[in-house]
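Every number here is computed from the coordinates shown, using simple stated rules; none is lab data. This structure is a prediction, so every number in the text was calculated from the model and none was measured. A quick note on method: Cβ atoms are made from the backbone with ideal geometry, for glycine too, and the neighbour counts reach across all protein chains shown.
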Amino acid sequence: MAGVLVPILTAPTASGKTGLSLMLGRRVPLEVIAADAFTVYRGLDVGTAKPSAEERAAVPHHLIDVADVRETFDVARYVQLAEAAIQQVLERGRLPVVVGGTGFYLSALMQGLPLTPPSRPEQRAALEAELQTRGLDALLAEMEALNPAEARRMERNPRRVVRALEVYRESGRWPGEYGRSQPAHRYTVVAFAPPLPELDRRIEARTRAMLDGGLLEEAAWLSREVPPTLDPLPTVWQAIGYREALAVLDQTLTREAAAEHITVATRQYARRQLTWIRRQLKVEVQTPEQAAETLGAAVSGRLTP
């Protein structure tokens, strides 16, 4: 398998990435390397639309359930584990396929890790608190005044904004001004999305299925494990849906209002993912049918140098 281009399958949330990878995995010897910032956490099953135990038994998955919700899981750890998993799959004579929509994970795999200074917990905590009090728009406006290109590169991602300001205030340089480590593998990207009206319907249907399928109970468990009152807010609470589900349990939000809030937030996130795919990956966003054909060619070994 030397010289293999590792396929990446990416799409906005709720587009059907898992279903497409499972369909191909039943026909060819592939293994999935997940690239999702929240399926790495044990216990976050319903709210992250994690592949089921049966699906993972049918097609091997890696980088799922590798962290406890009480610990911090960063991009450096993701890359270390993902690159090791990819190498192990290749050594078994099988094909790894990276499947997911977390942009900074995919960027780090393809381009290497930014050689930025390590995070300082006290400064990160201060910026997280600043995000809560001043808001994302104020922090982005600060970045825009100093470096418009860097501000645009953030794609309105709160975690990236906090990290960028942390690095700048510590060193006087922006993350984009640092170099990157050498990636361990080379990749070919397949991106797809259903038409927006269909994607919106899928998001709404999935939201309601989550609320009916245990999201409230999962949010209650999460609040016991990692109280949402902690300052700064733990990473796991940035996953869409859990705060709304907890509000239903606290009777500060109706179930119908929670469904609407989660649906709107997820649709907005899906559109940000589409923008990131087009601007950062600079690849064609195919239809699901086209993507199935393209990925089928990749996993059949035709996309090798």
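Quick note on the stretch 197-270: its Rg to Rh ratio, both from C-alpha atoms and Rh being the Kirkwood radius, is 0.98.
Straightening the chain between residue 293 and residue 130 buys 54.0 nm, computed as 0.36 nm per residue apart minus the Cα-Cα spacing.
Full extension of the segment from residue 66 to residue 145, taken as 0.36 nm per residue of separation minus the current Cα-Cα distance, would add 24.5 nm. Were the residues from residue 159 through residue 238 laid out at 0.36 nm apart, the gain over their Cα-Cα distance would be 27.5 nm.
Assuming charge only on the beta carbon of Lys and Arg (+1) and of Asp and Glu (-1), the dipole of the stretch 227-305 about its Cα centre is about 400 debye to the nearest 20. The simple Förster model, with R0 at 35 Å and r as the Cβ-Cβ distance, assigns residue 251 and residue 196 a FRET efficiency of 0.55. Each part gets one Cα centre, and for the stretch 185-212 versus the stretch 1-30 those centres are 15 Å apart. Converting the Cα gyration tensor eigenvalues of the stretch 159-305 into ellipsoid dimensions via √(5λ) gives semi-axes, longest first, of 33, 26, 14 Å. Each Lys and Arg adds +1 at its Cβ and each Asp and Glu adds -1 at its Cβ; summed about the Cα centre, the stretch 121-175 shows a dipole of about 200 debye. Every helix of 4 or more DSSP H residues in the chain counts as -39500 (n - 2.57), and over all residues that averages to -16000 deg cm²/dmol at 222 nm. Using a Gaussian network model of the chain in which every pair of alpha carbons under 10 angstrom is joined by a spring, one finds that among 43, 100, 241 the greatest mean-square fluctuation is at 43. Mind running the shape call on the stretch 121-175? Use the C-alpha gyration tensor, a ≥ b ≥ c as the square roots of the eigenvalues: rounded below 1.5 for a/c, prolate if a/b tops b/c, oblate otherwise. Here the stretch 121-175 falls in the oblate category. Ranked for footprinting exposure by Cβ neighbours inside 10 Å, fewest first, 27, 120, 206 give 27, 120, 206. Each pair of Cα atoms in the stretch 112-216 enters the Kirkwood radius, and Stokes-Einstein at 20 °C and 1.002 mPa s then converts it into a translational diffusion coefficient of 128 µm²/s.
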